[in-house]
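Here's the structure we're looking at; comments come further down.
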Amino acid sequence: MKLSDGFTRLAPSVGMFGLYLVSLGLLTLALKGIPVGVAYAIWSGLGTALIAVIAAIAFGEHFTLAKTACLAMIVLGVAGLNYFGGGH
């Protein structure tokens, strides 16, 4: 989104919407074998964590100890949902 500059740059805007469609398509496929609550938690939680890491690498955003701890809790929460989530 940042590269689209408020949707004023065509290529990054189209790319962003394309990647969102791919993401939603993959979520839909995941729902065939994973309960909705677990699939959505993985999709949103790991997506949030990955975006934070990408922002640090691509845009030079700083990681504080608190930010790192919070991202670790997201990943641990998603792992816990997978481990304890159970079946259908």
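Express the relative contact order of the chain as a whole percentage, based on alpha carbon pairs under 8 Å and six or more residues apart in sequence.
27
With the chain treated as a Gaussian network of Cα nodes joined by springs under 10 Å, which of Thr64, Thr28, Thr48 yields the largest mean-square fluctuation?
Top of the fluctuation ranking is Thr64.
Got a sec? How would Lys2, Lys67, Lys32 order by Cβ neighbour count within 10 Å, fewest to most?
Lowest to highest Cβ neighbour count: Lys32, Lys2, Lys67.
Tell me, which longest segment in the chain has none of the chymotrypsin sites (Phe, Trp or Tyr not before Pro) that fall in DSSP loops with at most 13 further Cβ atoms within 10 Å?
Segment 8-62 is the longest.
Quick note: the coordinates plus some simple rules give every number you see, no bench work behind them. What you are looking at is a predicted structure, and each value in this text was computed from that prediction instead of being measured. Neighbour counts are summed over all protein chains in view; Cβ atoms, including those assigned to glycine, are modelled from backbone coordinates with ideal geometry.
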